[in-house]
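Notes to accompany the following structure.
The values are calculated or read from the model by the stated rules, or taken from the named source; none is laboratory data. In this text, all values refer to a predicted model and were calculated from it rather than measured experimentally. Don't worry about glycine lacking a Cβ; one is built from the backbone with ideal geometry, like all the others, and counts go over all protein chains shown. Ligands, DNA and RNA are excluded from the accessible area calculation, which covers all protein heavy atoms including side chains. Shrake-Rupley method; radii C 1.70, N 1.55, O 1.52, S 1.80 Å.
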Amino acid sequence: EDYRGSIRIGGAELRDIAESERLRCVGYISQKTFLFDDTIRNNITLYAAYPDEAVAEAVRISGLESMIASLPDGLDTHIQENGKNISGGQAQRIGIARAAVRGYRLILADEITANLDEKTAEEVMSNLLAMNATVIAITHDTQGSFMQRFDSVYRIEAGAASKIR
């Protein structure tokens with residue numbers, strides 16, 4: 001509430017958006033995604049009802065299509081708590097799908113490519129940036145080819161931000 005200037009989400013001033021609405025507009029994708037001892041579908045939807053098409057699109061955006069297709073039970077495959085029976089990259093992509101299915105207007109992505117190979121990182125970031133959302137990515141990977149797709153890039157060092165491009 002205590003800021004100068006203007007912060008807008010979808011054209012509306014942040015101060016004028018109710019907190020409950022802000023929570024529906026802004027999504028956070030963590031470097032480490034907590035996964036429940038349940039199906040991939042329930043870990044993506046967090047038990048909310050989404051149309052199959054929306055879940056399929058989230059799976060595509062997150063780069064999980066080939067993994068899901070290779071599993072005998074597909075989205076209904078059971079994963080263990082914290083994804084003990086899947087790779088770190090697969091777990092991270094479930095977190096990305098979790099944000100994608102919700103259709104957030106602003107996505108804060110914290111090191112979401114850390115456990116992904118370069119090709120998958122490029123694919124996932126391209127898909128995320130193609131969404132109708134503003135994406136703020138926090139990353140140490142300033143050399144990744146996907147970095148060229150961002151409108152602006154800042155380096156934060158010793159508490160000070162400087163614009164790189």
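Numerical summary
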quantity	calculated
Yes/no for ALA69 being modelled with pLDDT of 90 or more, open to solvent by 40 Å² or more (accessible area, probe 1.4 Å), hydrophobic (A, V, I, L, M, F, W, C) and closer than 26 Å to ARG41 by Cβ	yes
Total residues in region 135-165, condition assigned to a loop (DSSP other than H, G, I, E, B), closer than 20 Å to ALA121 by Cβ and out of contact with any strand residue (DSSP E or B) (no Cβ under 6 Å at 6 or more places or on another chain)	11
Residue within region 100-115 that is part of a helix (DSSP H, G or I) and not small (Gly, Ala, Ser) present	yes
Count of region 41-93 residues which are within 19 Å of LEU129 (Cα to Cα) and free of Cβ contacts under 8 Å to residues at least 24 places away in the same chain	2
Condition met for ALA49 (hydrophobic (A, V, I, L, M, F, W, C), within 24 Å of LEU71 (Cβ to Cβ) and exposed (fewer than 10 other Cβ atoms within 10 Å of the Cβ))	yes
Matching residues in region 90-128 - criterion: being over 9 Å from the mean Cα position of the chain (by Cα), open to solvent by 50 Å² or more (accessible area, probe 1.4 Å) and within 26 Å of ILE9 (Cβ to Cβ)	ARG102, ARG105
Count of region 1-40 residues which are open to solvent by less than 80 Å² (accessible area, probe 1.4 Å), free of Cβ contacts under 8 Å to residues at least 40 places away in the same chain and not in a helix (DSSP H, G or I)	9
